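Let me begin by presenting the structure, written as structure tokens, before commenting on it.
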């Protein structure tokens, strides 16, 4: 664990109080690590949280000593205390050190040497006054412990620790991060080695890899717990991987994050320029790109009217990159009980998933009260943290956000998307609508529009249909095709469609570009501020370009030469 070296160095420097963020499932590892420190410097280790009335002393024993009939030749349990924590098991033993009210006051009044692990100290009290009292206690304790000759060290534990400004110079904040890919592979290998009855299927290497990928983004001890529990359900490694993934999805959902499934269409019709750029992003994600100091972009912004395929593009981007697609809501983060904690957990999870697209849909809606500062500055503070993360993170995470109104985002946030570009996803032109129609027709009517099948409608019929749907969004086209499929099934002709079906569906709804014409045109008028996601229409159905004012030479110019001869 990376915090181990840091804490050991701080102890040498006589730093009396340290804060440590960790995941609750990793408590056994934390206890074992500090017990190891205590045994090295001959100090007892104690643990306390608000659920205990007395301090609990941390004792570790060799796991092998706990086996019946396996304690021969061992002088005492203490002989095994100094072994590495992964070979030992920690237990909490009740002591006579009773904490009647305030644990910090109790420790200051007793000159007991040791390492004291104090959990949720900064979570005490629901009103502001007890926390202010706690902050003052910690500041006083720092200077008092600093002047003592007795070795007494406090470690403030918690899943999320936010120190006030007056304590930050005094109390260093350490973090026990989520395991990276290599650490997860070690956990999976150890699990597989311990359980010889596992069924790996035809490809053991691929099965292990899938299990490791499913475990990414979970704390180390939680991975071990879920793996061990899954053995009661199945011995198949592939099925265990699915159980771990389901557990992870459930945990992420509790954090306000959603795993988004792969799209049901192979590509987004008409977004050729955006699709070509995403292919470049895939290439830049290769390991060889680092040799030339190249890296993929960290953020992309998709801007345009609603229903034009921005969300679908995010799904396709994740599919192209081979990344998981994690959907987050900026509004939900701001509205959570602890927005700072929610943002931190989200970014930590994204950093440790081994590659993901972090997707914010309708990102602009979370900044509606930005100028008024009605939320007390929470949005500004969190957006600054997000900006810092976007600039500094080195993990394979592509942040992709969609917006309808770019002007609602703060200028400093927009600038962070210059890396991957701000892309304008406009209403589809004739050629793009033709592609979108065929994508969805192939999905619902494969016998008529599947691969290798000649298109049943001629050019004139298509031109007529595209004219009917002029101004339609890709979402409106998709819904119209789906409704045709539903109607055909209900009428006893499943999988069959005629041109008249789509023309009928067009009469059943009003285009959003007509219903909200001023709003959508207002968005489109600013399209020149971004990169176009769609190239020029070069299809058979492309509308002929016309100048707004065509130059028509006067009739006299045609006979100008004759005039000169006269």
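Is at least one residue of segment 407-421 out of contact with any helix residue (DSSP H, G or I) (no Cβ under 7 Å at 6 or more places or on another chain), surrounded by 19 or more Cβ atoms within 10 Å (Cβ to Cβ), assigned by TED's automatic domain parsing to the domain that holds residue 297 and modelled with pLDDT under 95? The answer is yes, given that some residue of segment 407-421 is out of contact with any helix residue (DSSP H, G or I) (no Cβ under 7 Å at 6 or more places or on another chain), surrounded by 19 or more Cβ atoms within 10 Å (Cβ to Cβ), assigned by TED's automatic domain parsing to the domain that holds residue 297 and modelled with pLDDT under 95.
Here residue 61 qualifies as in a strand (DSSP E or B), outside the structural domain of residue 187 (by TED's automatic domain parsing) and either exposed (fewer than 11 other Cβ atoms within 10 Å of the Cβ) or modelled with pLDDT under 80 (or both).
Taken over segment 409-442, the criterion of being in a helix (DSSP H, G or I) and within 18 Å of residue 328 (Cβ to Cβ) is satisfied by 413, 416, 417.
Residues that are buried (at least 16 other Cβ atoms within 10 Å of the Cβ), modelled with pLDDT under 90 and part of a helix (DSSP H, G or I) are absent from segment 86-102. The one condition from (1) farther than 22 Å from residue 21 by Cβ; (2) modelled with pLDDT of 90 or more that residue 389 does not meet is (1).
Per the conditions (1) surrounded by 15 or more Cβ atoms within 10 Å (Cβ to Cβ); (2) free of Cβ contacts under 8 Å to residues at least 12 places away in the same chain, the sole criterion not satisfied by residue 214 is (2).
Yes or no, residue by residue, for (1) more than 24 Å from residue 474 (Cα to Cα); (2) surrounded by fewer than 23 Cβ atoms within 10 Å (Cβ to Cβ); (3) assigned by TED's automatic domain parsing to the domain that holds residue 420:
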{"site": "302", "(1), (2), (3)": "no, no, yes"}
{"site": "309", "(1), (2), (3)": "no, no, yes"}
{"site": "315", "(1), (2), (3)": "no, yes, yes"}
{"site": "319", "(1), (2), (3)": "no, yes, yes"}
{"site": "322", "(1), (2), (3)": "yes, yes, yes"}
{"site": "334", "(1), (2), (3)": "yes, yes, yes"}
{"site": "339", "(1), (2), (3)": "yes, yes, yes"}
{"site": "348", "(1), (2), (3)": "yes, yes, yes"}
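For every residue, the table says whether it meets (1) over 19 Å from residue 309 (Cβ atoms); (2) crowded, with 16+ Cβ neighbours inside 10 Å; (3) modelled with pLDDT under 95; (4) assigned by TED's automatic domain parsing to the domain that holds residue 307.
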{"position": "477", "(1), (2), (3), (4)": "no, yes, no, no"}
{"position": "493", "(1), (2), (3), (4)": "yes, no, yes, no"}
{"position": "501", "(1), (2), (3), (4)": "yes, yes, no, no"}
{"position": "528", "(1), (2), (3), (4)": "yes, no, yes, no"}
{"position": "536", "(1), (2), (3), (4)": "no, no, yes, no"}
{"position": "557", "(1), (2), (3), (4)": "yes, no, yes, no"}
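Please work out if residue 32 is surrounded by 19 or more Cβ atoms within 10 Å (Cβ to Cβ), farther than 21 Å from residue 104 by Cα and in contact with a helix residue (DSSP H, G or I) (Cβ under 7 Å, 6 or more places away or on another chain). Considered against the rule, which asks whether it is surrounded by 19 or more Cβ atoms within 10 Å (Cβ to Cβ), farther than 21 Å from residue 104 by Cα and in contact with a helix residue (DSSP H, G or I) (Cβ under 7 Å, 6 or more places away or on another chain), residue 32 comes out as yes.
Spot the failing condition for residue 280; the list is (1) within 21 Å of residue 354 (Cβ to Cβ); (2) without any contact (Cβ under 8 Å) to a residue 24 or more places away in the chain; (3) under 23 Å from the mean Cα position of the chain (by Cα), and only one is missed. Result: residue 280 fails condition (1) only.
The values are calculated or read from the model by the stated rules, or taken from the named source; none is laboratory data. As the structure is a computational prediction, the values presented were derived from the model and not from experiment. Glycine also receives a Cβ, built like all others from the backbone with ideal geometry; neighbour counts cover every protein chain displayed.
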